[in-house]
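Student: Take this structure first; my questions come after.
The values are calculated or read from the model by the stated rules, or taken from the named source; none is laboratory data. Fair warning: this is a prediction, and the values are worked out from it, not measured in the lab. Note that we place each Cβ from the backbone using ideal geometry, even for glycine, and neighbour counts take in every protein chain shown. With ligands, DNA and RNA removed, areas are computed over all heavy atoms of the protein, side chains included. Shrake-Rupley method; radii C 1.70, N 1.55, O 1.52, S 1.80 Å.
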Amino acid sequence: MEYRQIRKRVAEALVRASSTFRPDQIEAWEEAISSEVNPHAAWVMKLIVENSQVAAVNSTPLCDDTGIPHLLLELGPQHAITSELLSAVEEGIAQGLRLLPGRPMAICGEDVDRLDQSGGLDVDPSAVLSAPLLVKRVKEDVLRLHVLLEGGGPAIRGRCYRIFHQHKWEVLRGQIVEWGIEAVSLIGCSPCTLAIGIGRSHYEAAALMVEAQVFGSYYKQSSLEDEITQMVNQAGIGALGLGGEMSVLATYMKVGPQRASGVRIVCLRPCCCVEPRVASIELADT
């Protein structure tokens with residue numbers, strides 16, 4: 001595939017991720033609305049779905065916090081990553097942020113300037129650089145890019161920390177549920193989708209959490225994911241904290257390799273009511 005075409009596809013994927021609910025996401029919302037007993041919470045959720053319909057028609061952002069692009073590339077055995085390919089992807093992301101348009105969020109300046117925000121704001125939406133690229137080798141003969149947009153609210157309320165597991169899933173689950181209830185009650189933009197990665201290091205757990213968002217499906221939940229969802233929903237936080245049955249639509253969890261240790265490193269993100277915002281595209285002709 002020509003790099004010009006790759007740039008165009010990447011830009012379109014970013015806009016689609018920011019402006020469109022996926023079919024399984026829409027179905028999850030409809031099911032949540034029908035299950036909600038609190039009329040105020042049900043009304044809020046109906047408005048969120050209506051907002052998504054307007055955004056999809058107009059290709060406008062689902063939320064004013066258009067997020068930081070996170071990229072995951074599936075790499076099949078017959079494909080290679082070149083500097084030209086990476087440049088085309090970067091240019092496509094920048095083009096998509098301008099088309100959307102993304103919210104200007106990049107801080108100018110050197111390290112201290114960016115940390116204390118004294119460097120000023122870059123008004124160009126494309127100055128919002130992507131997070132480091134994740135590459136996942138797969139057996140399938142594909143070169144597939146997943147574009148994920150991560151908002152600030154869930155990042156503020158998320159956690160990446162160790163849990164002493166005591167050789168019991170129930171102990172891990174209890175701590176994850178406690179974190180989930182706290183995060184959902186504080187984020188405001190609920191119902192949430194909990195994204196969880198469990199790995200051997202903070203980096204690995206965070207990468208698995210991103211992977212959980214990319215490959216998770218509202219159509220299919222594991223028994224472990226269901227347990228977490230049901231237990232957090234028992235807290236009765238509800239949409240926008242108004243109380244109700246639906247505080248969490250679903251849980252996406254990815255468990256990676258584990259080491260012989262007394263702890264598990266868990267990364268939890270309470271994806272807000274418009275997340276996960278993800279779109280997937282093929283970068284190679286089939």
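Student: Test of understanding: what is the full-extension gain from Arg114 to Ser222, defined as 0.36 nm times their sequence separation minus their Cα-Cα distance?
Tutor: Roughly 34.8 nm would be gained on extension.
Student: Tally Lys and Arg at +1 and Asp and Glu at -1 over the other residues with C-beta under 10 Å from the C-beta of Met231: what net charge comes out?
Tutor: Once positives and negatives cancel, what remains is -2.
Student: Along its principal axes, what span do the Cα atoms of the chain show, with the longest given first and each in whole Å?
Tutor: Principal-axis extents of the Cα atoms in the chain, largest first: 50, 48, 47 Å.
Student: Once amide H atoms are built 1.01 Å from N in the peptide plane, which residues 5 or more positions from Ile68, or in another chain, come under 5 Å H to H?
Tutor: For Ile68, whose amide H was placed from the backbone, the distant partners under 5 Å are Glu150, Gly151.
Student: What are the semi-axes of the equivalent ellipsoid for region 1-99, taken as the square roots of 5 times the Cα gyration tensor eigenvalues, largest first, in whole Å?
Tutor: Ellipsoid semi-axes (Å, largest first): 35, 15, 10.
Student: Quick one: the Cα spread of region 154-286 along its three principal axes, in angstroms, biggest first?
Tutor: Here the Cα extents, ordered largest to smallest, are 47, 41, 27 Å.
Student: Roughly how many Å² is the accessible area per residue of region 126-281, as a whole number, for a 1.4 Å probe?
Tutor: On the way: 6790 Å² over 156 residues.
Per residue, region 126-281 has an accessible area of 44 Å².
Student: While we're here: Pairing the Cα long axis of helix 39-58 with the longest principal axis of the chain, what angle in degrees results, from 0 to 90 and rounded to the nearest 10?
Tutor: 10 degrees
Student: On to the next question. Using only protein heavy atoms and a 1.4 Å probe, report how much of Asp64 is accessible, in Å² to the nearest 10.
Tutor: 110 Å²
Student: To test your reading of the geometry: what angle, between 0 and 90 degrees and rounded to tens, separates the Cα axis of helix 223-233 from the longest principal axis of the chain?
Tutor: With both axes taken from Cα atoms, the answer is about 70 degrees.
Student: Within region 120-177, which trypsin sites (Lys or Arg not before Pro) sit in a loop by DSSP and count at most 11 neighbouring Cβ atoms inside 10 Å?
Tutor: Hits after loop and neighbour filter: Lys139, Lys168.
Student: Same structure, new question: Once neighbouring chains are kept in place and the probe is 1.4 Å, which whole percent of the accessible area of the chain is contributed by carbon and sulfur?
Tutor: That fraction is 54 percent.
Student: Moving to a separate point now. Can you give me the relative contact order of the chain as a percent, contacts being Cα pairs under 8 Å and 6 or more apart?
Tutor: Numbers: 595 pairs, mean separation 74.2, N = 286.
26 percent.
Student: Binning every alpha carbon pair distance of region 140-193 at 10 Å from zero, what are the percents per bin?
Tutor: Once binned at 10 Å, the Cα pair distances of region 140-193 give 19, 35, 26, 19, 1.
Student: Whole Å is fine, so just give me how far the alpha carbon centre of region 119-153 lies from that of region 267-286.
Tutor: 10 Å
Student: Local charge sum around Cys189 (other residues, Cβ-Cβ under 11 Å, Lys/Arg +1, Asp/Glu -1)? Before the final figure, lay out each step's value.
Tutor: On the way: positive: Arg157; negative: Asp65, Glu275.
Surrounding charge for Cys189 is -1.
Student: Given the C-alpha atoms of region 46-111, compute the convex hull and give its volume per residue in Å³. Write down the numbers at each step before the final one.
Tutor: Working: hull volume 10.5 nm³, N = 66.
Cα-based convex hull of region 46-111, divided per residue, equals 158 Å³.
Student: Excluding residues fewer than 8 places away in the same chain, name every one of the aspartates and glutamates whose C-alpha is closer than 13 Å to that of Lys139.
Tutor: Glu74
Student: Please report, in cubic angstrom per residue, the volume enclosed by the convex hull of the alpha-carbon atoms of region 58-149.
Tutor: Looking at region 58-149, the number lands at 119 Å³ per residue.
Student: A further question follows. Let me check I've understood the local charge: for Tyr252, count other residues with C-beta under 14 angstrom from its C-beta, Lys and Arg +1, Asp and Glu -1. What total comes out?
Tutor: In short, -2.
Student: From the alpha carbon gyration tensor of region 237-286, can you work out the equivalent ellipsoid semi-axes (sqrt of 5 times each eigenvalue) and give them in Å, largest to smallest?
Tutor: The answer is 28, 25, 8 Å, longest axis first.
Student: Counting every Cα pair in region 66-224, what percent are over 18 Å apart?
Tutor: The answer is 69 percent, as a whole percent.
Student: Would you mind telling me the antiparallel percentage of the DSSP bridges in the chain, rounded to 5?
Tutor: Percent antiparallel among DSSP bridges in the chain is about 70.
Student: Quick check: the distance between the Cα centres of region 162-182 and region 19-41, to the nearest angstrom?
Tutor: Here the answer is 28 Å between Cα centres.
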